[in-house]
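So the structure is just underneath, and the comments pick up after that.
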């Protein structure tokens with residue numbers, strides 16, 4: 001499980017969280033929209049980018065839009081450093 005402020009060598013890290021069941025969750029980093037998923041019946045969601053993300057620090061945030069069309073404010077940033085260089 002990844003935590004805020006951690007590092008990984010996975011170029012397509014799996015991000016996860018909770019939102020209202022059936023909500024459309026949009027995942028962003030500092031470069032823009034990465035993708036979207038639908039929250040499951042229990043509210044959980046997970047997302048892995050299709051394309052490899054570039055090495056370096058990424059600041060991810062999400063929004064959730066419920067079935068009525070109400071969109072949340074941006075979440076707090078989740079900071080993750082992608083490091084592909086062997087020690």
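What follows is calculated from the coordinates using simple rules that are stated; it is not laboratory data. Quick caveat, the model's predicted, so the values are computed rather than measured. Neighbour counts run over all protein chains shown; Cβ positions are idealised from the backbone, glycine included.
Brief remarks on what is shown
Okay, residues lined up against (1) more than 12 Å from the chain's Cα centre (by Cα); (2) assigned to a strand (DSSP E or B):
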position	(1), (2)
7	yes, yes
17	no, yes
25	no, yes
37	no, yes
54	yes, no
62	no, yes
79	no, yes
84	yes, no
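- Filter pass, residue 3 being surrounded by fewer than 14 Cβ atoms within 10 Å (Cβ to Cβ), out of contact with any helix residue (DSSP H, G or I) (no Cβ under 8 Å at 6 or more places or on another chain) and not in a loop (DSSP other than H, G, I, E, B): no
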